[in-house]
Amino acid sequence: MPPPPLRWPGLRKGEADTLSFSYRVVKLWKVAAEDLLRLDLPGIWPLAPLCRGG
């Protein structure tokens, strides 16, 4: 996986990142639309047509 597109290191040496952007790749075409709808999360329902069997 490629490195995060955005990362601001801490201000001092050894300090945690001030800002870090991370992501996860979800291959929707491999997820069954029924499984997505079964999660009962209305915010992701518009992704159902992109899923397998959607």
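The values are calculated or read from the model by the stated rules, or taken from the named source; none is laboratory data. These numbers come from a predicted model, not from an experiment. Calculation scope for accessible area: heavy atoms of the full protein, side chains included, ligands and nucleic acids excluded. Shrake-Rupley method; radii C 1.70, N 1.55, O 1.52, S 1.80 Å.
Averaged over its residues, the chain has an accessible area of 90 Å² per residue, based on protein heavy atoms and a 1.4 Å probe. Its residues counted as N, the chain yields a C-alpha radius of gyration over 2.2 N^0.38 Å of 1.72.
GNM, the chain, Cα, under 10 Å: largest mean-square fluctuation among Leu11, Leu39, Leu28? Comparing Leu11, Leu39, Leu28 in a Gaussian network model of the chain, the most mobile one is Leu11.
Couplings 3J(HN,Hα) of the stretch 37-54, computed from phi: 5, 5, 5, 6, 10, x, x, 9, 4, x, 7, 4, x, 7, 8, 5, x, x Hz, in residue order, whole Hz [Karplus 6.51 cos²θ - 1.76 cosθ + 1.60, θ = phi - 60°; x for Gly and Pro].
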